[in-house]
1. Assuming H85 fulfils every condition listed in (1) without any contact (Cβ under 8 Å) to a residue 40 or more places away in the chain; (2) outside any strand (DSSP E or B); (3) surrounded by 19 or more Cβ atoms within 10 Å (Cβ to Cβ) apart from one, which condition is it?
2. Give me the strands (runs of 3 or more DSSP E) completely within the stretch 11-81, filtered to those with at least 1 residues that are in contact with a Cys (Cβ under 8 Å, 6 or more places away or on another chain) and surrounded by 15 or more Cβ atoms within 10 Å (Cβ to Cβ), ordered by residue number.
3. Listed residues P83, P106; which is within 17 Å of the chain's Cα centre (by Cα) and not aliphatic (A, V, I, L, M)?
4. Considering only residues that are modelled with pLDDT of 95 or more and exposed (fewer than 13 other Cβ atoms within 10 Å of the Cβ), which ones fall in the stretch 155-165?
5. Report, by residue number, each residue of the stretch 90-107 that is of a type outside the set (A, V, I, L, M, F, W, C), within 15 Å of R189 (Cβ to Cβ) and in a loop (DSSP other than H, G, I, E, B).
6. Kindly indicate which of I138, I178, I142 is outside the structural domain of G54 (by TED's automatic domain parsing), more than 18 Å from P89 (Cα to Cα) and crowded, with 23+ Cβ neighbours inside 10 Å.
7. May I ask you to say which residue of A242, A238 is in contact with a helix residue (DSSP H, G or I) (Cβ under 7 Å, 6 or more places away or on another chain) and not β-branched (V, I, T)?
Amino acid sequence: MKIRGKSVFKYQIHTPTTVQMLLSPRRQEGQSVLKEDFRIEPFVPFFNYNDNYGNHCVRAVLPVGNLTMTTEIEVLVNDVEIPVHPFPPYILVEDLPTEILIYLSPSRYCQSDLFELQDLASWVVGNAAWGYEQVEAIRSWIYQNVRYEYNTTNSTTTALDLARQRVGVCRDFTHLGIALCRTLSIPARMTVGYLDKLNFMDLHAWFEAYVGGKWYTFDAVQSETHGYRIVLGYGRDAADVAMVTQFGSATLNSLEVETELLEE
């Protein structure tokens, strides 16, 4: 399926501000980029680079004044893969590929080394079979027990915070899912991008877990994981996949996001 994504960031820049932006789609299996247009108005020179996770990023120095950054992309993607029984099994840590191990460790927003989260994960998965079934139990529990509501969390909210307060947005749902997976020694990573048919249209976050020798998608905001997605980036948590990271004084005045499914 072909999906179009568009995001428009409008900023007021108070002092010359260096920014790093993660707004370009990944080139990878199952995702073919057909069109991509990124522009800054008024014009500002920028350059592209790949970060440590292979995400395609942009750097620029934004001048003082009002400024608009627009990204428009068209991508050919597959629907989310949902396996059938027998479900993908747990992989022993000693058998994991070396490059996957980074997604087992605690990170800034996903404190999987805390006993409180470890106890919660054990209770949530119960007698589920090790591997995919455990992750799906975690995803389903978050959907059923955490309320989605804007302006209830902020950039400091962690997985532990969400486990206690039970209200947040997609970023928070994702952090909790990742942390609970990691407490069970299941590698999990944060994914950001576009999703069609979001109830609250925005750039979206979900998580992926490594079971059965590959990554599978899990979205705790949905009753069941589904939909066509454009992946922009992967990371350990939100600290690695911020859409815009700024080093200076700038105010985001608005963000508009659109998606549209197109005929192939």
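The values are calculated or read from the model by the stated rules, or taken from the named source; none is laboratory data. Predicted model, so just to flag it, every value in this text is computed and none were measured. As a convention, Cβ positions derive from the backbone with ideal geometry for all residues, glycine included, and neighbour counts pool all protein chains shown.
1. Only one criterion in (1) without any contact (Cβ under 8 Å) to a residue 40 or more places away in the chain; (2) outside any strand (DSSP E or B); (3) surrounded by 19 or more Cβ atoms within 10 Å (Cβ to Cβ) is unmet by H85, namely (3).
2. Hits in the stretch 11-81: 17-21.
3. P106
4. Hits for the stretch 155-165 are T156, R164.
5. P97, S105, P106, listed by residue number.
6. I142
7. The conditions single out A238.
Residue by residue, here is whether (1) modelled with pLDDT of 95 or more; (2) under 29 Å from G5 (Cβ atoms); (3) touching a helix residue (DSSP H, G or I) at 6+ places or on another chain (Cβ under 9 Å); (4) among the small types (G, A, S) holds:
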site	(1), (2), (3), (4)
P63	yes, yes, no, no
M69	yes, yes, no, no
V75	yes, yes, no, no
D79	no, yes, no, no
I82	no, yes, no, no
F87	yes, no, yes, no
E99	yes, yes, no, no
Y103	yes, yes, yes, no
R108	yes, yes, no, no
